[in-house]
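The values are calculated or read from the model by the stated rules, or taken from the named source; none is laboratory data. From a predicted model like this one, the values you see are computed outputs, not experimental measurements. Because the Cβ atoms are built from the backbone with ideal geometry, glycine has one as well, and the counts that use them run over all protein chains shown. Heads up: the accessible areas ignore ligands, DNA and RNA and are worked out on the full protein's heavy atoms, side chains in. Shrake-Rupley method; radii C 1.70, N 1.55, O 1.52, S 1.80 Å.
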Amino acid sequence: MSNEDYGNTWEKQVGGDGAFIRRQSTFRAQCSADPGAEFPVEADRYHLYVSYACPWAHRTLIVRKLKGLERAVSVDVVDPILSQSGWSLGMDVEGATGDRINGFKELREAYFATNPSYEGAITVPVFWDKATRKIVNNESSEIIRFLNSEFQAFAEHPELDLYPEHSRRKIDELNDWIYPAINNGVYRCGFAKTQAAYSAAFKELFEAMERVEGILSKHRFLTGDRITEADIRLFTTLVRFDAVYVTHFKTNLHRLVDYPAMWGFARDIYQMPGVAETVNMIHIKCHYYESHRNINPLGIVPDGPKFDFDLPHDRIAI
């Protein structure tokens, strides 16, 4: 097994101009309900390795919850604090589960079990096939798509379509600018190594935030009156914004609570059945503040801020 420092792989994703450039995911196979599929849809065949701290992994937890796939797809949760070996499957922080499927001690073991010569980043989420004992996919945007469409036979809520055909063009257009400017934009601010790179990402982030605020002031969700994957992808960034990104990543022009529409939108989604169970603020804060010692050398986790995602909202009336 490689001795590479998997706890600081983000540092290898910074270009010569000091700007953070996220690597592409490696494993991109798809689960399919089609006959003869390489990874056919079967109940209790697949397993998710996730971190409560990671917004990309959080997407998969929310889709799994909203679709009602808990009995079809099992889950294990990594320890929130990154070590030199990367994501640990220990149980040092309450809520971390250990590995109840393979007995791995570190997530990198799943990567090397799939490809012994693997040299890429060790990331979450990981969609694991129990039958072939290898990773199917580690790209969250693709995992949420096939959870939405291919597992209908096992979904408790098959009527919920997070990527409806009539809205796909609009959803894709939203994702195309929200991802680089907001979802990844906070990281581009936080991991920038030059003032110019940080300032450029900061400007783009808050221009996009204003754009989202304008949309959500007129519509309950990004595409209208129904939740889609675009809303879930945005929510996982917004729910972390004030607790982490404003201070840790220096995205401090405005807080989420300063945007009436986005703050109400975030509460709306948080209060949907099951979603609050996927939000673990202890894991979120411990991960960022204790893992990124280059940004926060002493690893001190702030006690604040105080906010309440259970406050009433009036989004349904929009």
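Details
- Partners for Lys203 among lysines (Cα-Cα distance below 22 Å; same-chain residues under 8 apart left out): Lys193, Lys250
- Calculation over all alpha carbon pairs of region 207-310 in 5 angstrom steps from 0 returns a P(r) of 2, 11, 23, 23, 18, 13, 7, 3, 1 percent.
- Amide H contacts of Asn137: Phe127, each under 5 Å away and 5 or more positions distant or on a separate chain (H built 1.01 Å from N in the peptide plane; Pro and chain starts excluded).
- Share of carbon and sulfur in the accessible heavy-atom surface of region 107-154 [1.4 Å probe, %]: 45 percent
- D_trans [Stokes-Einstein, Kirkwood Rh over alpha-carbon pairs] for the chain, 37 °C, 0.692 mPa s, µm² s⁻¹: 163 µm²/s
- At 1.567 mPa s and 4 °C, Stokes diffusion of region 158-203 via Kirkwood alpha-carbon radius, µm² per second: 105 µm²/s
- Shown here is the pair-distance distribution of region 47-140: with all Cα-Cα distances grouped in 5 Å bins from zero up to the longest one, the shares run 3, 14, 26, 28, 20, 8, 2, 0 percent.
- Listed residues Asn148, Asn183, Asn252, most fluctuating in the chain (Gaussian network, C-alpha, under 10 Å): Asn252
- Of Met281, Met262, Met272, the one that fluctuates the most in a GNM where the chain has Cα springs shorter than 10 Å: Met272
- FRET efficiency, 1/(1 + (r/R0)^6) with R0 45 Å, evaluated for Arg28 and Gln271 via beta carbons: 0.85
- Sum of -39500 (n - 2.57) over DSSP H runs of 4+, divided by residues of the chain (222 nm, nearest 500): -10000 deg cm²/dmol
- Using a probe of 1.4 angstrom and keeping all protein chains present, the accessible surface of region 77-193 works out to 43 square angstrom per residue.
- Carbon plus sulfur fraction of accessible area for region 182-318, probe 1.4 Å, in percent: 54 percent
- Max mean-square fluctuation residue, GNM over the chain, Cα-Cα springs under 10 Å, options Ala266, Ala197, Ala121: Ala197
- Subset of Lys105/Lys130; Lys130/Lys285; Lys285/Lys306; Lys134/Lys285; Lys65/Lys105 violating a 21 Å alpha-carbon distance limit: Lys130/Lys285; Lys134/Lys285; Lys65/Lys105
- Computed FRET value (nearest 0.05) for Ile21 with Arg169, which takes r as the C-beta separation and R₀ as 22 Å: 0.20
- Separation of region 251-314 from region 151-200 is 18 Å, based on Cα centroids.
- Probing with 1.4 Å while keeping every protein chain in the model, the per residue accessible area of region 200-318 equals 45 Å².
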